[in-house]
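K.L.:
First, the structure itself, so that you have it in front of you.
What follows is calculated from the coordinates using simple rules that are stated; it is not laboratory data. Note that the coordinates shown come from a computational prediction; the quantities given were computed from them, not determined experimentally. Methodologically, a virtual Cβ is constructed for each residue, glycine included, from the backbone with ideal geometry; neighbour enumeration extends over all protein chains shown.
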């Protein structure tokens with residue numbers, strides 16, 4: 001238990017920050033799932049459009065230091081590769 005005023009305040013702040021970070025992580029996961037869902041549906045044009053929107057979400061969350069920028073790059077790279085692979089299998 002926090003014994004000083006400073007420690008009590010930090011505990012209160014941490015609760016708020018944790019809730020905020022959780023909502024950002026949820027936005028990130030939802031964005032990634034929406035791209036994967038579009039890829040599974042097989043519509044490349046729709047997948048690319050959803051991917052563009054998701055890239056913005058991924059970058060935004062990474063800029064807020066919720067997770068590392070290299071993780072953001074990895075997510076974007078793998079999603080992009082999956083979309084490109086759609087074209088190879090369809091052609």
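K.L.:
Which ones in the stretch 1-29 are touching a helix residue (DSSP H, G or I) at 6+ places or on another chain (Cβ under 8 Å) and under 17 Å from residue 71 (Cα atoms)?
P.N.:
24, 25, 27, 28
K.L.:
Please tell me if residue 7 is over 9 Å from the mean Cα position of the chain (by Cα), under 22 Å from residue 86 (Cα atoms) and assigned to a helix (DSSP H, G or I).
P.N.:
So residue 7 fails the test.
Every residue, every condition in (1) free of Cβ contacts under 8 Å to residues at least 12 places away in the same chain; (2) surrounded by fewer than 13 Cβ atoms within 10 Å (Cβ to Cβ); (3) in a loop (DSSP other than H, G, I, E, B); (4) in contact with a strand residue (DSSP E or B) (Cβ under 7 Å, 6 or more places away or on another chain), yes or no:
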position: 12; (1), (2), (3), (4): yes, yes, no, no
position: 16; (1), (2), (3), (4): yes, yes, no, no
position: 19; (1), (2), (3), (4): yes, yes, no, no
position: 26; (1), (2), (3), (4): yes, yes, no, no
position: 33; (1), (2), (3), (4): yes, yes, no, no
position: 61; (1), (2), (3), (4): no, no, no, no
position: 66; (1), (2), (3), (4): no, no, yes, no
position: 81; (1), (2), (3), (4): yes, yes, no, no
position: 87; (1), (2), (3), (4): no, yes, no, no
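K.L.:
Then there's this: Would you mention how many residues in the stretch 35-59 are over 15 Å from residue 77 (Cα atoms) and in a helix (DSSP H, G or I)?
P.N.:
8
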